[in-house]
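Take a look at the structure set out below.
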Amino acid sequence: MSWATMLTTMGEGMLRTSAIFFLTVLFSMPLGMIVMLLRRSRFSVVRWIMKIYIAVMRGTPLMLQLLAWYFGPYYLFGMSIRGYRFTAIIIGFTMNYAAYFAEIYRGGIEAIPNGQYEAADVLGYNKVQTFFKIILPQVIKTILPAITNEVITLVKDTSLAFALAYNEMFALAKQIAASQTSFTPYVVAGVFYFIANYLVAFIMERIEKAFDYYQ
Amino acid sequence: MNMKKTLCLVFALVMTLSLSACGGGSTTGGSASSSDAGNAKYVFLEEDLGVETYAIGFRLGDEELAKTVSGAVKALVLNGKFDEIAAKYPDIKDYLCLKAEDIDQSDIPAQGSGDSNYTFKHGFDLSYPPYSYLKEDGTVGGFDVEVCQAACEYLGWKYEAVPLNWEAKDMELNAGSCDCIWSGFTKEGREDKYTWGITYSNNTQGILVAADSGIKTLADLSGKVVGVQIDTSAAEMLEDSQADLAKTFSELKTYETYTVAYNDLKAGAIDAIAIDMTSGAYLIADES
């Protein structure tokens, strides 16, 4: 197989990998926010449901969760799962990552000292204003490094989508490696991941800089 | 900032180099064997582990579909298309067991008799050359894929390739994401788990060793490390009919793919690989 073919084939895989990556980031970050708010809810039932959800998502392998999301509807309800593969992958990744993001957000919120709320109250901010104008900017600042970690992990976790026979980049690398009996595709995959993660780290560093006031 | 960029570059290089060193094998561990280039570096032991047959596996109860597809394959044997495809795959040609003169003429559907709106979903492992794999030009191919495509064309069906994660193949088949498993799929030991279509190949499971390893018989494998790919018939034989032999190994290592096992063999990390003869021949083709 020529270099050009290998790179084109793996490039197509990279597109499929990116599809998982961007959709997961897009859905799981806001969902994580909702999970976090419910996790801090006044109602203990809601709190407990979220606790169990987070425990399951973090406590079981993502690959297993993907299999469950995809095959679950068929085995539990006998539903047809034709054309559902990609949706199942996005649901699986989003639900899993939302749990992690929720805990990161919670860590950030709970790190804000009570004095900030009291000061805002004294200055006449209402609850919503306090959250968006005073608390949230500080939370984002604190949690950015943890978010970067999680997003980089996501780039590499996309390879788990092959559990559902989704031909993302790493699955293609494995297939080319088998047909060419060579390790070169793995090296190419490594370089692809590295560049992708370098970009993520670079962009996140820029965002961190943008939040770098009060210094 | 500049310092950091340089450091990053250095790390990237180190990573790439260390990875390719693993893969190269011959640049490190295999340097000794490069001296006897010209002879085969890797050979099969004369004793084998046993014979298996390859057939098409359908969902339990899909008798009608099994009969139709098998009939189409018979028709391909009779009209010469089967041999035409086989001629492209010299590694497996000798193992095929469908000959025009032995074909029983019953249950052969007429050409184009299938429903032209029906899509036949062919489930296979895309990392199992030469039966099903990613070809030089980056498209899906292999002996089983071509025969299946030809069978669909004969019947007038649409063909859909469904590459599977091999470990999840039963779930995919039962859930209906594919209609058959047809990818160098061994019948032995799975007789009751699928409705079987036509048997088209006999394959022998053997032991692949380095020619200069001094291992000549199965008994010589005592105390050696043997590699095998997960969920293959070779792996099943070593657990089942050849379990006593497997007990003599110092270790039976299970790999996700034979490619990695082969690199371990090249690097001298394992002593032998248990593999079927056709996949094995494909694996060592780069050394001959």
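Assorted remarks:
- Of all residues making up the range B:243-258, the number that are within 14 Å of chain A (Cβ to nearest Cβ) and free of Cβ contacts under 8 Å to residues at least 60 places away in the same chain: 3
- Only residues that are surrounded by fewer than 24 Cβ atoms within 10 Å (Cβ to Cβ), within 14 Å of chain A (Cβ to nearest Cβ) and in contact (Cβ under 8 Å) with a residue 12 or more places away in the chain were counted across the range B:137-157, and they come to 1.
- Looking only at residues of the range A:182-196 that are among the β-branched types (Val, Ile, Thr) and crowded, with 19+ Cβ neighbours inside 10 Å, we find that the one that is farthest from the other protein chains (Cβ to nearest Cβ) is A:VAL188.
- Enumeration of residues in the range A:82-94 that are within 10 Å of chain B (Cβ to nearest Cβ) and within 29 Å of A:VAL151 (Cα to Cα): A:GLY83, A:TYR84, A:ARG85
- Note on the range B:244-284: among residues that are more than 18 Å from B:SER127 (Cβ to Cβ), touching a helix residue (DSSP H, G or I) at 6+ places or on another chain (Cβ under 7 Å) and part of a strand (DSSP E or B), the one that is modelled with the highest pLDDT is B:ALA272.
- Subset of the range A:137-192 (residues that are over 30 Å from A:THR5 (Cβ atoms) and acidic (Asp, Glu)): A:GLU150
- Among the helices (runs of 4 or more DSSP H) confined to the range B:41-115, the ones with at least 1 residues that are in contact with a helix residue (DSSP H, G or I) (Cβ under 8 Å, 6 or more places away or on another chain), among the β-branched types (Val, Ile, Thr) and without any contact (Cβ under 8 Å) to a residue 60 or more places away in the chain are located at B:63-78.
- Test: B:ALA234 is without any contact (Cβ under 8 Å) to a residue 40 or more places away in the chain and assigned to a helix (DSSP H, G or I): no
- Unmet criterion (only one of (1) of a type outside the set (Ser, Thr, Tyr); (2) touching a residue at least 12 places away in the same chain (Cβ under 8 Å); (3) assigned to a helix (DSSP H, G or I)) for A:ASN167: (3)
- In the range A:170-203, the residues that are among the hydroxyl-bearing types (Ser, Thr, Tyr) and in a helix (DSSP H, G or I): A:SER179, A:THR184, A:TYR186, A:TYR193, A:TYR198
- Single match in A:MET33, A:MET63 (criterion: surrounded by 12 or more Cβ atoms within 10 Å (Cβ to Cβ), away from chain B (no Cβ under 14 Å) and in contact (Cβ under 8 Å) with a residue 12 or more places away in the chain): A:MET33
- Taking the criterion of being within 27 Å of A:LEU136 (Cα to Cα) and either of a type in the set (Phe, Trp, Tyr) or not in a helix (DSSP H, G or I) (or both), the residues of the range A:59-109 that qualify are A:PHE93, A:TYR97, A:TYR100, A:PHE101, A:TYR105.
The values are calculated or read from the model by the stated rules, or taken from the named source; none is laboratory data. The shown structure was predicted, so the numbers you read here are calculated from the model rather than taken from an experiment. Backbone-built Cβ (ideal geometry, glycine too); neighbour counts: all protein chains shown.
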